[in-house]
1. Choose one of Val235, Pro267, Ala315: the residue whose Cα lies farthest towards the positive end of the charge dipole of the chain (beta-carbon charges +1 Lys, Arg; -1 Asp, Glu; about the Cα centre).
2. Under a point-charge model restricted to the Cβ atoms of Lys and Arg (+1) and Asp and Glu (-1), what is the dipole moment magnitude of the range 12-92 relative to its Cα centre, in debye to the nearest 20?
3. Longer than 28 Å from Cα to Cα, which of Lys120/Lys187; Lys32/Lys245; Lys72/Lys120; Lys72/Lys252; Lys187/Lys245; Lys9/Lys252 are they? Say none if no pair is.
4. Could you work out how far apart the two model spin labels at Leu228 and Gln47 are, taking each label as a point 7 Å from the Cα in the direction of the beta carbon, and quote it in nm?
5. Using the Cα centre of the chain as the reference point, and only Cβ charges (+1 on K/R, -1 on D/E), how large is the resulting charge dipole? Debye, rounded to the nearest 20.
6. Can you give me the angle between helix 17-28 and the longest principal axis of the chain, using Cα atoms only, in degrees from 0 to 90, rounded to the nearest 10?
7. How large is the helix-only mean residue ellipticity at 222 nm for the chain, computed as the sum of -39500 (n - 2.57) over DSSP H runs with n ≥ 4, divided by its residue count, in deg cm²/dmol to the nearest 500?
8. Run the 1.4 Å probe and let me know the accessible area of Glu103, rounded to the nearest 10 Å².
Amino acid sequence: MLQENEHIKCLIIGSGPAGYTAAIYAARADLKPVLYTGIVPGGQLTQTTDVENFPGYPDGVQGTQMMEDFRKQAERFGTDIRFGYITSVEFSNDVHRVVVDGEKTVTAETVIIATGATAKWLGLESEQKYNGFGVSACAVCDGFFFRGQDVAIVGAGDTAAEEATYLAKLANKVHMLVRRDEFRASKAMQHRVLNTPNIEIHYNTEAKEIIGDGQSVTGVLVYHNQTLEERLLPVTGFFVAIGHKPNTELFKGILDMDTNGYLITHPGSTRTNIEGVFACGDVQDHIYRQAVTAAGTGCMAALEAERYLAAKEHAIV
Ligand SMILES: Cc1cc2nc3c(=O)[nH]c(=O)nc-3n(C[C@H](O)[C@H](O)[C@H](O)COP(=O)(O)OP(=O)(O)OC[C@H]3O[C@@H](n4cnc5c(N)ncnc54)[C@H](O)[C@@H]3O)c2cc1C
């Protein structure tokens, strides 16, 4: 049975860099935000070790520590942070209704969606074991740690091709594992990869196991999926670039999204197709997917929510 309704000015869904930044701005603008963390409090960065590219941390920071700092800053200005998962939504162009954990309904004048995205993994046990210790789903985030070393990357689409060429500038050698006998990437991206001398492409090749010494990655056991011949590639980094899934199931049929499920916002804005509903962070960004860009759009969403409420109030008076 649904519990009693609660009405709030600004509801934030998600506790990654986008959600917490939106909360800091919304709280300081006196919107009295309520933030639901979802099942991953702190978001994707809690799954990694060192973060070295977020401004303000000259010595780098652990992902969990950084998100703890975000949370404390959002709390300091009065954000009501709650552990809970939004299970359904009903958006209108006026008041929006969401259900938390299938039990409690909340109505809100503005909703900021910051539900992020989830990296796709191969599903190997060893991949999880060494995640953050040589295994990564983000070349831009972690490539720097593998300067002058040999690495492998899995994937055949545009993102994989882009990440492979990015890694090639830092690493000594990049082994690119392509499951089929051809790329899925555009011709232009293929051309870039094929013309990068330190990328070796292994077609019809899949990872069987990530090998390590218990602390970090020392190699990857691969096999040819036609001949089944196995081979050990001595690498210290293993990058998975097989795509991301935006967390947008909830909004299907309600909010505009692209063919991959990313929410569509108005250009240069976090506004969605429904008034008073804003989207920020990775849930609407398949290009940059960085903590700092997520935080930047979180700020935009809170400012836009504040301006939307101010304009609405003005119209009524
Ligand atoms: C292994 C790894 C390492 C990375 N390293 C770096 C790095 O070094 N530097 C960098 O800039 N970026 C890095 N990134 C990318 C960075 O983590 C993301 O760009 C950033 O976290 C996106 O922030 P976000 O707030 O949009 O979403 P996320 O961090 O994905 O957070 C989404 C939040 O939404 C919540 N949520 C989802 N659905 C619901 C729901 N229905 N109800 C309530 N809550 C919900 C989740 O619980 C979570 O709290 C890394 C990513 C990974 C996976």
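The values are calculated or read from the model by the stated rules, or taken from the named source; none is laboratory data. Keep in mind that what you see is a predicted model, and the values were worked out from it rather than measured. Counting neighbours? That spans all protein chains shown, and the Cβs are built from the backbone with ideal geometry, glycine included. Accessible surface areas use protein heavy atoms only, side chains included; no ligands, DNA or RNA. Shrake-Rupley method; radii C 1.70, N 1.55, O 1.52, S 1.80 Å.
1. Of the listed residues, the answer is Pro267.
2. 260 debye
3. Where the Cα-Cα span goes over 28 Å, the pairs concerned are Lys32/Lys245; Lys72/Lys120; Lys72/Lys252.
4. It is 3.2 nm.
5. Once rounded to the nearest 20, the dipole reads 360 debye.
6. Result, in degrees: 20.
7. -8000 deg cm²/dmol
8. Near enough 100 Å² of accessible area.
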